Structure formats: structure tokens, C-alpha cells
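The values are calculated or read from the model by the stated rules, or taken from the named source; none is laboratory data. Since we're looking at a predicted model, the values are computed, not measured. Here the Cβ positions follow ideal geometry from the backbone for every residue, glycine too, while neighbour counts run over all protein chains shown. Just so you know, the surface numbers come from the protein's heavy atoms only, side chains and all, with ligands and any DNA or RNA stripped out. Shrake-Rupley method; radii C 1.70, N 1.55, O 1.52, S 1.80 Å.
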Amino acid sequence: CGSRDAGLPALPRRRATAPRRAEALPAGRNHDRASPIRAGRATRREARRRGFTVLRATGDEFEKGLAFSGLSAVVRPLLDRLDDLDPSQARALQGALGLVDAEGRLLAVHGATLALVSAAAECAPVLVAVDDAQWIDQSSLESLVFVAHRCEADRVGFLFAHRSGLPCLLDRTDFDRL
């Protein structure tokens, strides 16, 4: 996501250019996670060094069924900006995250996430990094993929790392693969 030349850090030894839109780092069929995790860490470290806001989540097999747990980790640093959102979007996101007793339509939750991440990118470029995406709950992953597909004009990049061979929504996206 983001402009084609948003200045996102290149992945060490794996890609010569900066990430465009979103990228997925499959770990391989033998579940060797070391290389994608090292690449993700290096990218996050370089992004921070360059002044990016880094938002991240790590999937946990035991939280896969807990709706919006992954999204909660990503947007937690941005919750102080909820007052800047459309009230219906803010309430939908708060309800999804369990902050208020409200049910929100998924599109409103996705839209609120897009608005929060886009607003953060006005202050500094943003990198959204998701490790072990195959274990991120489906609701969160759908929301993050929604945002990744729609923030073309913003200074936002996404990096998803997941184990290939395990079912994951990312397998059905057109994100660049490394």
C-alpha cells in the first residue's frame, strides 16, 4: 500500500526495491520461519530508523478464534485519534475492539481502520507489519487486507509474513510475494 515510492525500507537481500502496496513473506512448506521473521524484523527496524510509525500484530494460534484481536494490536497506538473519525465509524470500531457495547457493521469497522491508518500517515509514513498472519483472526485479517487494497494514495506499506502450506486469506490476494 502507499505511493509507489513511499520510501519504505527494502527487505534485506530479498528484494532490491521498496515494498509496493502490500507484500507477503511466506515461510515455506518446511515451516522454516527464521528467514521471513529476520526480514520482517530488519524491515521494522529500518522503518523506525527512517521515522516511520510501525504498527504491528503477531498471530497466535490460540487467539485465532478471537475476533478482532489482531486488529486491536495494530490500531492500539492510534486509539487516541478515534475522536477524529466519523462517529458511526468510531463507534463500530470501538464495538469491534470491545471498548464499548456496540455492534458495528464490518464495512464501518474496515472504513474506520482505513481512516485511522491514513490519518496516521499524514504525520509520518506508516508500516503495518503482521507476523504469523495465518494465525491472525479472520476478521482482523480481512480488515487489514481491505485497508491494504485501498490506501494507494497514502504513505502506508504493509508487510505480511505467513507460513505457506497453512490456509491463509493472503493466499487469495494479489500482493507481491517474496
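Convex hull volume per residue, computed on the Cα atoms of the range 119-166, equals 75 Å³. Debye sum, Cα scatterers, the range 80-178, no solvent: what log₁₀ I/I(0) at q = 0.11, 0.14 1/Å? Scattering profile of the range 80-178, log10 relative to I(0): -0.34, -0.55. Most tightly packed first, judged by the mean number of other beta-carbon atoms within 10 Å of their residues, the peptides 86-94, 46-54 read 86-94, 46-54. Label separation (residue 172 vs residue 42): 3.3 nm, computed from points 7 Å beyond Cα along the C-beta direction. For the range 64-116, the equivalent ellipsoid derived from the alpha-carbon gyration tensor has semi-axes of 15, 13, 10 Å in decreasing order.
Most tightly packed first, judged by the mean number of other beta-carbon atoms within 10 Å of their residues, the peptides 38-44, 57-63, 70-76 read 70-76, 38-44, 57-63. For residue 119 and residue 142, the FRET efficiency from 1/(1 + (r/R0)^6), where r spans their Cβ atoms and R0 equals 22 Å, is about 0.60.
At a 1.4 Å probe radius, carbon and sulfur cover how many percent of the accessible area of the range 67-178? Carbon and sulfur atoms account for 49 percent of the accessible area of the range 67-178.
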